[in-house]
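Visitor: So that we are looking at the same thing, I have put the structure below in structure tokens.
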Amino acid sequence: MKIRVIFGILGSLLKMLGLLMLAPGIVAAIYDEPEGIIAFALASMSALLAGIVLKRLSSVGEVGIAEAFAVVSLGWLCAVVFGALPFVLQGIDVVSALFESMSGFTATGATILTEKNSDGYYIINATLADNSPVSLLVTDIFRSLNISEIPNILHAPAHSQPHTFYGLLFWRALSQLIGGMGIILLYVAIFPALRVAGRQLYKAEVVGPTKDTLVPRAKQTARILWEVYLLFIGTEILLLIIAGMPIYDAVCSSFSTLATGGFSPKADSIAAYSSPLIEAIIMIFIFLGASSFALHYRALTDRDIRGWARDPELRFFVLILAIATVSLVFFGGIDGDIVARLRLASFQVVSFMGTSGFVNTLSYDSWSTAAKLALIMVMLIGGCAGSTAGGIKVVRLQIALKYAYSELIHMLHPKAITPIRLGESIIKEDVLRPVLFYSFFYLAAFFALSLVLAMASAGNPKVDLLVVTSGVASCMGGVGPGFGIIAFDWSSMSPLSKMIGFFSMYIGRLEILPIMVIFMPELWEK
């Protein structure tokens, strides 16, 4: 293990993160939020300084598989820790800030924020904000300058009011944009001369069953994926603005939609807009985000949309969405006529299976047990391989079902040779083995973490089986909302429970295996 080589890559990652943190600082300046400006300036400088120090301690060397797995596992943690600084500096406790930051970078969408202002945007509790490190610092600065009132820095919009957090909410959305496609892939796409290192990092970041590069060089593949990603985001922003959504909201919502993250600047999520058109646009882009970006690229470059229809995984994805939607419409306990039920059911199924977590109704937690179980099931399945969605992935379920059918045929006809096919391809053993291996460990981790969360919440009578299982399924799958007291936020959960959710999001986003690898003694041997 070449520790100094790892330091070099982590240093570059932190410097990149520090520069990205300047964007929400600019947003905070536009909305006249001096605390936000200082918070992001300090967080940015901290990340840049840490990056510089790590680069000074680094050395040049070849990046092997061991180093790549270490960089991926540790790189995400570094991003989360430094990404939590703006939350801490503006009044949120450390555990909750780490939870919120992990939820952002893993594109989960679970939150600890609860309060909103008169415009419906999330805010931090006034008492916490007034006593935050940056608020006290700003007060001391203006007192030392004998200034009685904070000036209007950049002529903020008329709706701006004391203790707004537009910069922080923009950072939540931006962290989901970065984490949705992957911070390591962003690094591979941006930094020159990676060569072998880029390919190793690409393979370590993209763990799923379809991780072949689109073009011979991993750097080019990473750039292509990011270009398609940003193209869709730009398109959604434009469509949402046309549909009547404010520009700020459209940008933040689009960042979170394609990332299948679900962080909305509004406390009532998409339900705040009460617009079927906005819901339809977001549904379409959640679907695109939860589908393979390699498939999108080929369909766009070949100018043949039939490529989407021919893909067996995407067809199976649509089939599951249809079955779940019909189940909710007729057995979900949803109020209203058939059109109203279809609108609510289809949005929630696409959002939960696409692991976005946006909601278009605040009453989904009162739906029937059948509806809740169906939503938990689609949470566990998740989206397609090569997408920004979490979960086990549709293709893994598809292969596992085909393997089970093959085994049943083999029981009836022991001498029969029954190859497992996916479309026109035959699934070989070197693909089948890791698919079954990962699916087993995902479900094992789900049950183990559910038990741990239940034990950690034993003193809370509001935490029942549905809360525990939906919470872990939601965090591991990168969905966000659960049921019961975590239907909208995790503020009622204990610090220990939040850290369990933190770990669930972490292993779910990295698909467990890279985390397991870094704890193997063989990885650290010279």
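Visitor: Mind listing whichever residues of the stretch 455-465 are over 12 Å from residue 494 (Cβ atoms) and surrounded by 13 or more Cβ atoms within 10 Å (Cβ to Cβ)?
Guide: Restricting attention to the stretch 455-465, the residues satisfying the condition of being over 12 Å from residue 494 (Cβ atoms) are 461, 464-465.
Listed by number, the list holds a single entry, 464.
Visitor: Still on this model: Of the residues 67, 33, which single one is over 21 Å from the mean Cα position of the chain (by Cα) and under 21 Å from residue 509 (Cα atoms)? It would help to see each step written out before you state the result.
Guide: Details: 33 fails: under 21 Å from residue 509 (Cα atoms).
Matching residue, one of 67, 33: 67.
Visitor: If I ask for residues that are of a type in the set (A, V, I, L, M), in contact (Cβ under 8 Å) with a residue 60 or more places away in the chain and crowded, with 19+ Cβ neighbours inside 10 Å, which ones from the stretch 488-511 would you list? Can you show your working first?
Guide: Taking the stretch 488-511 and keeping what is of a type in the set (A, V, I, L, M), we get 493, 496, 499-500, 505, 507, 510.
Among the residues that remain, those that are also in contact (Cβ under 8 Å) with a residue 60 or more places away in the chain are: 499, 505, 507, 510.
Across the stretch 488-511, the qualifying residues are 505, 507, 510.
Visitor: Another one. Residues 430, 489: which one is of a type in the set (Asp, Glu), on the phi < 0 side of the Ramachandran plot and in a loop (DSSP other than H, G, I, E, B)?
Guide: On the way: 430 fails: in a loop (DSSP other than H, G, I, E, B).
The conditions single out 489.
Visitor: Quick test for you: out of 298, 343, 315, pick the one residue that is assigned to a helix (DSSP H, G or I), basic (Lys, Arg) and within 19 Å of residue 397 (Cα to Cα).
Guide: On the way: 298 fails: within 19 Å of residue 397 (Cα to Cα); 343 fails: within 19 Å of residue 397 (Cα to Cα).
Going through 298, 343, 315 in turn, just one is assigned to a helix (DSSP H, G or I), basic (Lys, Arg) and within 19 Å of residue 397 (Cα to Cα): 315.
Visitor: Can you tell which of 54, 89 is at pLDDT 90 or above and closer than 13 Å to residue 17 by Cβ? Break it down into steps so the answer makes sense when it comes.
Guide: Values: 89 fails: closer than 13 Å to residue 17 by Cβ.
Only one candidate qualifies: 54.
Visitor: Any residue at all in the stretch 416-429 that's loosely packed, with under 13 Cβ neighbours inside 10 Å and in contact (Cβ under 8 Å) with a residue 60 or more places away in the chain?
Guide: Yes, because at least one residue in the stretch 416-429 is loosely packed, with under 13 Cβ neighbours inside 10 Å and in contact (Cβ under 8 Å) with a residue 60 or more places away in the chain.
Visitor: Now for a different question. Output the number of residues of the stretch 232-259 satisfying the condition of being in a helix (DSSP H, G or I) and free of Cβ contacts under 8 Å to residues at least 60 places away in the same chain. Outline the logic, then answer.
Guide: The first filter runs over the stretch 232-259 and keeps only residues in a helix (DSSP H, G or I), leaving 232-242, 247-258.
Within this subset, residues satisfying the condition of being free of Cβ contacts under 8 Å to residues at least 60 places away in the same chain are 233-242, 247, 249-250, 254.
Residues in the stretch 232-259 being in a helix (DSSP H, G or I) and free of Cβ contacts under 8 Å to residues at least 60 places away in the same chain: 14 in total.
Visitor: For the stretch 22-132, please list each of the helices (runs of 4 or more DSSP H) lying entirely inside it that holds at least 1 residues being among the small types (Gly, Ala, Ser) and either touching a Leu at 6+ places or on another chain (Cβ under 7 Å) or crowded, with 23+ Cβ neighbours inside 10 Å (or both). I'd like the intermediate steps shown before the answer.
Guide: Details: elements: 22-30, 34-56, 65-83, 85-89, 94-105, 126-130.
By residue number, 22-30, 34-56, 65-83, 94-105.
Visitor: Go through the stretch 275-295 and report how many residues are in contact (Cβ under 8 Å) with a residue 12 or more places away in the chain, surrounded by fewer than 18 Cβ atoms within 10 Å (Cβ to Cβ) and assigned to a helix (DSSP H, G or I). Show your work before the answer.
Guide: We begin by selecting, within the stretch 275-295, every residue in contact (Cβ under 8 Å) with a residue 12 or more places away in the chain; these are 275-279, 281-283, 285-295.
Next cut, surrounded by fewer than 18 Cβ atoms within 10 Å (Cβ to Cβ) only: 275-277.
In the following step, the residues that additionally are assigned to a helix (DSSP H, G or I) were identified as 276-277.
Summing the residues that are in contact (Cβ under 8 Å) with a residue 12 or more places away in the chain, surrounded by fewer than 18 Cβ atoms within 10 Å (Cβ to Cβ) and assigned to a helix (DSSP H, G or I) in the stretch 275-295 gives 2.
Visitor: Which condition number does residue 236 fail, the rest of (1) over 22 Å from residue 508 (Cα atoms); (2) crowded, with 23+ Cβ neighbours inside 10 Å; (3) at pLDDT below 70 being met?
Guide: Of the numbered conditions (1) over 22 Å from residue 508 (Cα atoms); (2) crowded, with 23+ Cβ neighbours inside 10 Å; (3) at pLDDT below 70, the odd one out for residue 236 is (3).
Visitor: Out of the residues in the stretch 468-487 meeting the condition of being among the β-branched types (Val, Ile, Thr) and buried (at least 24 other Cβ atoms within 10 Å of the Cβ), tell me which one is farthest from residue 102 (Cα to Cα). Break it down stepwise before answering.
Guide: Going through the stretch 468-487, the residues among the β-branched types (Val, Ile, Thr) turn out to be 468-469, 472, 479, 485-486.
Filter again for buried (at least 24 other Cβ atoms within 10 Å of the Cβ), leaving 468, 472, 479, 486.
Details: 468: 19, 472: 14, 479: 13, 486: 17 Å.
Across the stretch 468-487, the extreme among qualifying residues is 468.
Visitor: To continue, here is another question. State all residues of the stretch 318-332 that are part of a helix (DSSP H, G or I) and not hydroxyl-bearing (Ser, Thr, Tyr); if no residue qualifies, say none. Full working, then the answer.
Guide: Within the stretch 318-332, the subset part of a helix (DSSP H, G or I) is 318-331.
Listed by number, the residues that qualify are 318, 319, 320, 321, 322, 323, 324, 326, 328, 329, 330, 331.
Visitor: Output the qualifying pairs, or none if there are none: Cβ atoms under 6 angstrom, residues six or more apart or on different chains, first residue in the stretch 371-390 and part of a loop (DSSP other than H, G, I, E, B), second residue aromatic (Phe, Trp, Tyr).
Guide: Sorted first by the residue in the stretch 371-390, then by its partner, the pairs are 384/317; 386/293.
The values are calculated or read from the model by the stated rules, or taken from the named source; none is laboratory data. Keep in mind that what you see is a predicted model, and the values were worked out from it rather than measured. In this analysis, Cβ positions are derived from the backbone assuming ideal geometry, glycine residues included, and neighbour counts consider all displayed protein chains.
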